[in-house]
Amino acid sequence: MDVYIERVKRDDFAEMITLADLTLPDRMNLHELKKYMELFPDLIFKATCDHQLIGFGCAGIDMYQTTGWLLFSNVRKEFQGKGIGKRLIEARLQALRQFPTLRTVRVTVSETNTPSIRALEAFGFRLARAEHDYYGPRKHRNVMELPILTVATTAAPELAISVDPVL
């Protein structure tokens, strides 16, 4: 089974809505997906197998470009448990790391979604806090966080090295 992960194109929109209706019926709608495609066109990825859409996921970033979010991810039921969700996580993290001011990546996940929690933990995400009623009554979510380390934030100022130009 050859699965390909790549950025979505506008032409993928209709197929993505159909898949979202199957996999995220209470979470994703046409307006929301259209908004994400306008705001974050380079942060939405799809998974295909035999030229068929089998999953997709979106990331976003705040206006200061310091906090990234894994906004949603879905994979057709018959393809779940095959590492496709992890590959979508990896693609979105790589895209977010292109922002030089990025300091942290967050994601919300249902406290009962053990496979997703384990996949996120494999990338270094840790529980930041539990949010009760995040999406409404009895729709609790865990907020997980991944710190992004950069040379600029980890180097101590006193260790900076100055090099004089050679004349």
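The values are calculated or read from the model by the stated rules, or taken from the named source; none is laboratory data. Since this is a predicted model, take the numbers as computed values, not measurements. Glycine also receives a Cβ, built like all others from the backbone with ideal geometry; neighbour counts cover every protein chain displayed.
Annotations
- Number of positions in segment 51-100 that are part of a loop (DSSP other than H, G, I, E, B) and basic (K, R): 3
- Failed criterion for I89 (all others in (1) over 23 Å from E15 (Cβ atoms); (2) modelled with pLDDT of 95 or more hold): (1)
- Scan of segment 83-132 for residues that are of a type in the set (V, I, T) and surrounded by fewer than 19 Cβ atoms within 10 Å (Cβ to Cβ), ordered by number: T101, T104, T108, T112, T114, I117
- Complete set of residues in segment 45-82 that are surrounded by 17 or more Cβ atoms within 10 Å (Cβ to Cβ) and more than 15 Å from Y4 (Cβ to Cβ): C58, A59, G60, I61, T67, G68, W69, L70, L71, F72, S73, N74
- Leading residue by the ranking (modelled with the highest pLDDT) among those in segment 130-154 that are in a loop (DSSP other than H, G, I, E, B) and among the aliphatic types (A, V, I, L, M): I148
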